[in-house]
Amino acid sequence: MRFIRTKAVFAATALALSLAACGEAGEEEGPVDVEVEENAAEQFEEGTRMRELAEAGGVKIGVKYDQPGLGFKDPASDIPTGFDVEIAKLLAADLGLDPNDTSQVEWIETISDNREPFLQDGTVDLVLASYSITEERRAVVGQAGPYMVTGQQLLVKSDSDVESVDDLQGKEVCSVTGSTSLENVEAQGMKPVGFDTYSECAEKVLDGTVEAMSTDGTILMGYAAQNEGELSVVGEEFSEERIGVGYSKDYPEMCQWINDVLTESNESGQWAEAFEGTLGASGVETPEFPELDPCPES
Amino acid sequence: MEAVLDQFDAVLKAFGYTALLFAVSGVFSVLLGTLLVSMRVGPIAVLNRAAAVYITVVRNTPLVMIFMFFQLGAGKVWNLLNFQWVDIHIGTLDFTSFFTAAVVSLSLYTACFVAEALRSGVNAVPLGQAEAARAIGLPFSGVMSQVVLPQAFRASVPPLASTLIALLKNTSVAAAFGVLEAAAQMKIFTNNHADQRWGIFIAFALGYIILVEVVSLFATLLERRWRIA
């Protein structure tokens, strides 16, 4: 009797799993029409990292999985979505790799903390994970771009009276442990509270434990769009974050290539399309394409 | 390393949170653990089973899950459990809902290990001791508090010290749950000074080693002092 019951449980579980698998069908392809370059390897000089990657037919890209609108992975799909991801797809396509094929482009989750080590030890080839360009980071990894400029703002409950940083002096404000945002929270006279992910912070704002969370406006907009009517973004930007593409210092030639692809994407309108299709969905106007930093001489 | 030296007050404050998390949850977990072990070895079957079930369930739950429960779940079930009523500020240190939830999680978790360490101590007390105590007319509470537990504590100093050292290191879980203690501060440093990762890592590892050494030194002293039983 017991044996039969166990079997029934297995059967039910299997059924539930197969039903869940059905949900995966109908993969979306993202807002930008990405054209995969043909014979991509030949456009790069012999011995460059780009040529190596194109010939190997695979690239590993580190993105965030928990930032709606920037880098977000739905558990049901294989490919993350968001602005960072769209830019990453353009880079991959330029290498002649199909970004919608996970055997060619491998998406790897990076968190704020492990981006430099992942680049240094080759776990990922590129990082597009709301990666602010800073001097300290440029000392250990390469950062090309910026492909977006954003600033830190506040995310509060929609019915909150908080309008700016002044209303939150000495109060607890949530952000992610180990991010630049948490440091700025302290510098602005608020008390930093650090969680592992932005989603946990948003949870804490929703249940009223903290009055606000703070990080790059682009990240907050994603949450505001996800919880429409419950959360909203307020206040002026009180910092400037220049979001760039991370690459390994071992391959300085990648910088010029990344900048070229970014410039091209701006001219072809794909950059704007990527923004409108992701962050723009929350009703934000598409900003100007930022000026790229010149690449360091190698 | 320079980053650590330049902002040494931030490091001290972070380790202050670590030490306080340890001290407060240490006291609570020893108290709760003593209560649990008394229930566990006591004559009332219901309490006995209740303590056994509690220890089995909580000891087998990962600490992170307990933290998540008190940080994200419990407040939704029962409003008081979001700990927003805690709002204490001493100097530059703040003790709010995040600190409280961390203390509660750590105490409830560590109490199980304290109870089991103490139970091994209780088992080491010869049965004749408890019988003699009962023979002179002590009730169960008297038997435990006057005769059995004092001897049990002496016998279980080494396992208790291990449990408390584990607690000290477990405080780092709070880094992911809103408390700016040593592990969280280390993350902030490594993020801002990506070029000094090794120095920062070594500095914070040293900090933990010093704290653990203090605890084990204290344990050794106690063990020596209590040797003549």
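Every read-out reported here was derived from the displayed coordinates using simple, explicitly stated rules and does not represent laboratory data. What you see is a predicted model, and the numbers here were worked out from it, not measured in a lab. Every residue, glycine as well, gets a Cβ built from its backbone with ideal geometry; the counts of neighbours run over all protein chains shown.
Quick one: net charge around B:Ala10, please, counting Lys, Arg +1 and Asp, Glu -1 for every other residue with C-beta under 13 Å from its C-beta. Before the final figure, lay out the partial values.
Details: positive: B:Lys13, B:Lys187; negative: A:Glu183, A:Glu186, B:Asp6, B:Asp9, B:Glu181.
Once all neighbours under 13 Å are counted, the net charge is -3.
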Task: Summed side-chain charge close to A:Gly151 - residues other than A:Gly151 whose Cβ falls under 11 Å, Lys, Arg +1, Asp, Glu -1 - done: -4
TODO: Round to the nearest 10 and give me the degree value, 0 to 90, for the angle of helix B:182-192's Cα axis relative to the longest principal axis of chain B.
DONE: 20
Task: Where the Cα pairs of the protein assembly as shown fall when distances are cut into 10 Å bins, in % - done: 4, 16, 22, 21, 17, 11, 6, 2, 1, 0
Open item on the list: If I fit a long axis through the Cα atoms of helix B:197-225 and take the longest principal axis of the Cα atoms of chain B, what angle between them do I get, 0 to 90°, rounded to 10?
Closed with: 20
Task: Amide H partners (placed H, <5 Å) of A:Gly178, local residues excluded - done: B:Ile188
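Around B:Leu20, under 14 Å between beta carbons, what's the net of Lys plus Arg minus Asp minus Glu among the other residues? If you can, show how the numbers build up before the last one.
Working: positive: B:Lys13; negative: B:Asp94, B:Glu181.
Overall, the nearby charge balance is -1.
When the helices in the protein assembly as shown are scored as -39500 (n - 2.57) per DSSP H run of 4 or longer and the sum is shared across all residues, what 222 nm value do you end up with, to the nearest 500 deg cm²/dmol? List each step's numbers first, then the result.
Numbers: 21 runs with 265 residues, N = 527.
Helices in the protein assembly as shown give a 222 nm mean residue ellipticity of -16000 deg cm²/dmol.
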Open item on the list: Students often forget the sequence filter, so: which lysines lie under 22 Å Cα-Cα from B:Lys13 once same-chain residues fewer than 8 apart are removed?
Closed with: A:Lys171, A:Lys191, B:Lys169, B:Lys187
Task: Estimated inter-spin distance, A:Gln43 and B:Val57, nm [label 7 Å along Cα→Cβ] - done: 6.2
Task: Estimated FRET transfer efficiency (B:Met65, B:Glu2; beta-carbon r; R0 51 Å; 0.05) - done: 0.85
TODO: Calculate the length of the line joining the C-alpha centroid of the stretch A:180-245 to that of the stretch B:16-41, in whole Å.
DONE: 35
Task: Cα gyration tensor category, rounded, prolate or oblate, for the stretch A:155-215 with a/c compared to 1.5 - done: oblate
Task: Pair A:Gln226, A:Leu206: separation of 7 Å Cα→Cβ label points (nm) - done: 0.9
- [ ] First check a/c for chain A, with a ≥ b ≥ c the square roots of the eigenvalues of its C-alpha gyration tensor; if it is under 1.5, answer rounded, and if not, answer prolate when a/b is larger than b/c or oblate otherwise.
- [x] oblate
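Which whole DSSP H helices in chain A pass both tests: a Cα extent of 18 Å or more along the axis and a mean Kyte-Doolittle value no lower than 1.0? Kindly include the intermediate steps, with their values, before the conclusion.
Numbers: long enough: A:2-22 (30 Å, 1.22); A:254-268 (21 Å, -0.49).
Helices meeting the criterion: A:2-22.
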- [ ] Report, by chain and number, residues whose modeled amide H sits under 5 Å from the one on A:Gly145, excluding near sequence neighbours (fewer than 5 apart, same chain).
- [x] A:Val245, A:Asp293
- [ ] Round to the nearest 10 and give me the degree value, 0 to 90, for the angle of helix B:157-170's Cα axis relative to the longest principal axis of chain B.
- [x] 30
TODO: Could you work out how far the C-alpha centroid of the stretch B:123-137 sits from that of the stretch B:180-210, in angstrom?
DONE: 51
Open item on the list: Can you work out the Karplus-derived ³J(HN,Hα) for every residue in the stretch A:153-167? Use 6.51 cos²θ - 1.76 cosθ + 1.60 with θ = phi - 60°, whole Hz, and x for glycine or proline.
Closed with: 10, 10, 10, 10, 5, 4, 8, 7, 8, 5, 10, 8, 4, 4, 6
Task: Highest-first arrangement of A:175-187, B:118-130, where packing means the average Cβ count within 10 Å - done: A:175-187, B:118-130
